[in-house]
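Below: the structure, in structure tokens.
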Amino acid sequence: MLRLKSSQIKQISRSQQLRYAGGGPQFHEPTGHLFAEKPLPNGQKRKWENWEPIYYFGFYAAMAGAGVAYYYKPDTNIQTWALNQAKSRMEERGELPKYEPSN
């Protein structure tokens, strides 16, 4: 069985950290602007990135599709099913359901 001393373990862990370090500090100085984009002069519009139209239109289309699907989803409520079963059994027996409002 391989046994390592604590100094060897520290040396291995340091070498692993250095190997995967990525090459030094990368710090972006804060500019005070959102996403480091400078504000445009008055009257100019920002040009969209190539992914933005796909993202925005796809997102709103998906939300509209989800809304339509939610509106037309089948009624799977147990109470609705029981009411329909009760009505069909009463009709088979020849009885008509009478609904009397409770006070």
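Worth pointing out:
- Length gained on full extension, ASN77 to SER102: 6.7 nm, using 0.36 nm per residue less the C-alpha separation.
- Per-residue HN-Hα couplings for the range 45-59 [Karplus 6.51, -1.76, 1.60; θ = phi - 60°; Hz; x = Gly/Pro]: 10, 6, 7, 5, 6, 5, 8, 5, x, 5, 5, 5, 5, x, 5
- J(HN,Hα) series, the range 77-94, from Karplus relation 6.51 cos²θ - 1.76 cosθ + 1.60, nearest Hz, glycine and proline x: 6, 5, 5, 5, 4, 5, 5, 5, 5, 5, 5, 5, 5, 5, 5, 5, 7, x
- For GLN44, net neighbour charge (Lys/Arg +1, Asp/Glu -1) across residues whose Cβ lies under 13 Å away: +3
Laboratory data are not the source of any read-out in this text; all were calculated from the coordinates shown. Since the structure is predicted, the reported quantities are computational estimates derived from the model, not experimental observations. Cβ atoms come from the backbone with ideal geometry, glycine included; neighbour counts cover every protein chain shown.
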